[in-house]
Amino acid sequence: MRYWIRVYAAQLKLATAIMFQYRFSVLIWAIWGFVGPLLGLAIWSAATEAKGGSITSARGVTFSQADFAAYFLVFMIVSHLTMSWDAFEFAFRVRDGNLSPRLLKPVLPIHGDIANNFAFKIVTSTMLLPVWALLFYLLKPNIHFSIVNILIAIPAIFLAVLIRYLFQYCLAMFAFWTTRVEAINQLYFTVDGFLAGRIAPLALFPGWLGVIAYYSPFRSMATFPVEIILGRLPAEQFLTGFLYQIFWLGAGVGLFKLLWAGGMKQYSAVGA
Amino acid sequence: MSESPHIVVRDLRKVYKVHEREAGAAASLKSLFKRKYKEVEAVKGISFTIQPGEIVGFLGPNGAGKTTTLKMLSGLLYPTSGEAKVLGFTPWKREPAYLRQLSYVLGNRSQLAWDIPAMDSFIVNQAIYEIPERQFRETLDELVNLLDLEKLLKKPVRGLSLGERMKCELAASLLHRPNVLFLDEPTLGVDVTMQTRIRQFIAEHNQRYGATVILTSHYMADVTALCKRVLVIHHGSLLYDGDLNQLSERIAPFKQVRLDLETPMEASEFAKYGDVVQIEGAKVTLRFPREQTSQVVSRLLTELSVVDLTVEDPAIEEVIDLVFQKVQA
């Protein structure tokens, strides 16, 4: 355990140093994360206004403008903390052979990549904290933070980060078999965004789509912690939410192991 | 009791399956439905053994199978068949205990983070290879002195020249004092002074820590300066495994003499002594069968007005070239 703490600490320092070299582009990437949720908020605010101040779903869930503001602001923060972009970089490494020097090290490349992802989150979240505070002040969301819920949301966010990261990494590993992994990734991003609730809260999804979204891994990657923070989830559903997260994390680890073993054989068969 | 070999290779073979198609849109469309593959045998069942602390030169033209062999021995490639044990490990199982004792310097690939000083990458290696602080400082000091790294460690890697970067790559690869070191073109694109420096450094490191080294290089000077033993590979087959000095005796059974004459002579006049390799005014280089050396030299000294005479083996580049020509024929 102490070994891994030292490895991760060293990798985190390295990744943070690299981030500071590219602070401007890192900030642009971070700001890009505002676009989706703010667009969603603008559309739903307009729709709410047209409907006379609130929208009620088929399942009887009601959202006012302030509820949408709360949802999209919390979603924006959780999305930022759980975002992952490794597919692009990984595919590039496989194609140009730069994966090879990483494979010669006695630790798997994924550890360095996770540290890199964490460094991005730490650096950019620090930069974005005042912006998030300003948005909360300006948009006046209907939210009453509960310390208990926030404490429960912390492990949920941590699990969500790992699940989203592992699924993204698994997708990236298709680069071992195809040179066009970006196209698959684009499709995945669209599905992820939709079923994770980037366009609309899952509570507003029509029946059958709501069921798919509820059981899909994407809810565990972002929506579940958002629901905890917003206080929209009954406490008795917390346990099931965590169980789903653990299930999807296990599935992600299993899939990673399977794809890594196969990918290594493929990579080393065609010429590393 | 003698130490067991560090590297044992038996009938190692690697066949690549390569996708093949003609140029043009029609061929591109056709390949969508029916793909044509060709099998390329990059390494054809080679065998050799390397003892602890040996520095072995791996020679061969481009595409001979040198890098493929090194990649199999470092665990980057699965072989198609055959066996290999390095430090008792099967390389392609990629066990961390094996990778901790290995370093593979790929001349055209970097393990250093590009945007920040090399020292930051060294610190990550310290954690990954669990190098104790004292050993890390000692080794780093040695490397800084031997490779003159002092000023380079604070510059971002992207701002270093090719030679400077290679020195940092070498340092990063040696911090954990590997028992086995694969050097693939370590002096590629580096100027002559830096080449000499790197050679001296490799020799010193090998003496100090007894690491087993396999070196591939297109510069014969690297090989002659560092390796007593060479493996010559061509079209995936091992053509020679033995002493570098004996290579010329075995493959090129001739000697050369360099003559400095008082007056220039026509090339045709040397035919009775041997083949003319080079003629430039009064300076001539002749080649003749090895067993005729004393006879030819004494005739040259008595029959011609010689100012200076040197007998030598043919240059190693020529010998290697001859090996490949023989195989081609």
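The values are calculated or read from the model by the stated rules, or taken from the named source; none is laboratory data. If you're wondering where the values come from, they're calculated on a predicted model, not measured in any experiment. Neighbour counts run over all protein chains shown; Cβ positions are idealised from the backbone, glycine included. Each accessible area value is taken on the protein alone, full model and side chains, heavy atoms only, with ligands, DNA and RNA left out. Shrake-Rupley method; radii C 1.70, N 1.55, O 1.52, S 1.80 Å.
Within the bounds of the range B:152-160, is there any residue that is in the same structural domain as B:THR193 (by TED's automatic domain parsing), closer than 21 Å to B:ARG199 by Cβ, surrounded by fewer than 20 Cβ atoms within 10 Å (Cβ to Cβ) and out of contact with any helix residue (DSSP H, G or I) (no Cβ under 8 Å at 6 or more places or on another chain)? Before you say what the answer is, go through the steps one by one.
Kept after step one, since they are in the same structural domain as B:THR193 (by TED's automatic domain parsing), are these residues of the range B:152-160: B:152-160.
Right, trim to closer than 21 Å to B:ARG199 by Cβ and you get B:152, B:160.
The next check asks that each one be surrounded by fewer than 20 Cβ atoms within 10 Å (Cβ to Cβ); those that pass are B:160.
Narrowing the set further to residues that are out of contact with any helix residue (DSSP H, G or I) (no Cβ under 8 Å at 6 or more places or on another chain) leaves none.
Checking the range B:152-160: not a single residue is in the same structural domain as B:THR193 (by TED's automatic domain parsing), closer than 21 Å to B:ARG199 by Cβ, surrounded by fewer than 20 Cβ atoms within 10 Å (Cβ to Cβ) and out of contact with any helix residue (DSSP H, G or I) (no Cβ under 8 Å at 6 or more places or on another chain).
For every residue, the table says whether it meets (1) within 14 Å of another protein chain (Cβ to nearest Cβ); (2) of a type outside the set (Lys, Arg); (3) without any contact (Cβ under 8 Å) to a residue 12 or more places away in the chain.
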position: A:GLY231; (1), (2), (3): no, yes, no
position: A:PHE242; (1), (2), (3): no, yes, no
position: A:GLN245; (1), (2), (3): no, yes, no
position: A:ALA261; (1), (2), (3): yes, yes, yes
position: A:GLN266; (1), (2), (3): yes, yes, no
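Quick check, is A:ALA133 in a helix (DSSP H, G or I) and away from chain B (no Cβ under 14 Å)? First the steps, then the outcome.
On the way: in a helix (DSSP H, G or I): yes; away from chain B (no Cβ under 14 Å): yes.
Spelling it out, A:ALA133 is indeed in a helix (DSSP H, G or I) and away from chain B (no Cβ under 14 Å).
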Exercise for review: Could you check, for the range A:83-96, whether at least one of its residues is under 30 Å from B:GLN111 (Cβ atoms), assigned to a helix (DSSP H, G or I), within 14 Å of chain B (Cβ to nearest Cβ) and aliphatic (A, V, I, L, M)?
Suggested key: yes
Revision key, fill the gap. Pairs returned, first residue in the range B:83-99 that is within 13 Å of another protein chain (Cβ to nearest Cβ), second residue that is of a type in the set (D, E, K, R), beta-carbon separation under 6 angstrom, 6 or more apart or interchain, are B:PHE89/B:GLU95
Practice item. Please determine, by comparing only the residues of the range A:1-35 that are among the β-branched types (Val, Ile, Thr), farther than 14 Å from A:ILE122 by Cβ and over 19 Å from the mean Cα position of the chain (by Cα), which one is farthest from the other protein chains (Cβ to nearest Cβ). Key: A:ILE5
Point to revise | Number of positions in the range B:112-128 that are assigned to a loop (DSSP other than H, G, I, E, B), more than 7 Å from every other protein chain (Cβ to nearest Cβ) and within 15 Å of B:ALA171 (Cβ to Cβ) | key: 1
**Study point:** Evaluation of B:VAL190 against (1) open to solvent by 40 Å² or more (accessible area, probe 1.4 Å); (2) in a loop (DSSP other than H, G, I, E, B) (one fails), failing number
**Key:** (1)
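Could you please give the count of residues in the range A:90-129 that are of a type in the set (Asp, Glu) and either touching a strand residue (DSSP E or B) at 6+ places or on another chain (Cβ under 6 Å) or without any contact (Cβ under 8 Å) to a residue 24 or more places away in the chain (or both)?
So in the range A:90-129, the residues of a type in the set (Asp, Glu) come out as A:96, A:113.
Still in the list and also either touching a strand residue (DSSP E or B) at 6+ places or on another chain (Cβ under 6 Å) or without any contact (Cβ under 8 Å) to a residue 24 or more places away in the chain (or both): A:96.
Qualifying residue count for the region: 1.
For a quick check of your reading: which helices (runs of 4 or more DSSP H) sit entirely within the range A:163-272 and have at least 2 residues that are surrounded by fewer than 20 Cβ atoms within 10 Å (Cβ to Cβ) and modelled with pLDDT of 95 or more? Walk me through how you get there before you give the answer.
Details: elements: A:181-195, A:207-215, A:224-230, A:238-270.
Where helices (runs of 4 or more DSSP H) fall fully within the range A:163-272 and carry at least 2 residues being surrounded by fewer than 20 Cβ atoms within 10 Å (Cβ to Cβ) and modelled with pLDDT of 95 or more, they are A:238-270.
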Check your understanding: Restricting attention to the range A:146-156, does a residue exist that is among the hydroxyl-bearing types (Ser, Thr, Tyr), out of contact with any strand residue (DSSP E or B) (no Cβ under 9 Å at 6 or more places or on another chain) and in a helix (DSSP H, G or I)?
Key -> no
Check your understanding: Got a sec? Which of A:ASN117, A:ASN98 is out of contact with any Gly (no Cβ under 7 Å at 6 or more places or on another chain) and buried (at least 19 other Cβ atoms within 10 Å of the Cβ)?
Key -> A:ASN117
Review point. Counting only residues that are open to solvent by 80 Å² or more (accessible area, probe 1.4 Å) and basic (Lys, Arg), which one in the range B:276-329 is nearest to B:ILE233 (Cα to Cα)?
Key: B:LYS326
Exercise for review: Please work out which one of (1) within 13 Å of another protein chain (Cβ to nearest Cβ); (2) of a type outside the set (A, V, I, L, M, F, W, C); (3) open to solvent by less than 50 Å² (accessible area, probe 1.4 Å); (4) assigned to a loop (DSSP other than H, G, I, E, B) is the condition B:TYR78 fails and give its number.
Suggested key: (3)
Practice item. Taking only the range B:194-225 into account, find how many residues are surrounded by 21 or more Cβ atoms within 10 Å (Cβ to Cβ), closer than 23 Å to B:ALA64 by Cα and either modelled with pLDDT of 90 or more or not charged (D, E, K, R) (or both). Key: 7
Review point. Scanning for something open to solvent by less than 30 Å² (accessible area, probe 1.4 Å), within 19 Å of the chain's Cα centre (by Cα) and at negative phi, does the range A:129-136 turn up at least one residue?
Key: yes
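What residue, of B:ARG165, B:ARG177, is assigned to a helix (DSSP H, G or I), within 25 Å of B:LEU215 (Cβ to Cβ) and either among the basic types (Lys, Arg) or more than 26 Å from the chain's Cα centre (by Cα) (or both)?
After ruling out the rest, the residue left standing is B:ARG165.
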Practice item. Go through the range A:225-272 and give me each residue that's among the polar types (S, T, N, Q) and touching a His at 6+ places or on another chain (Cβ under 9 Å). Key: none
**Study point:** Identity of the residue in the range A:36-47, within 15 Å of A:LEU139 (Cα to Cα) and without any contact (Cβ under 8 Å) to a residue 40 or more places away in the chain, that ends up least open to solvent (accessible area, probe 1.4 Å)
**Key:** A:SER45
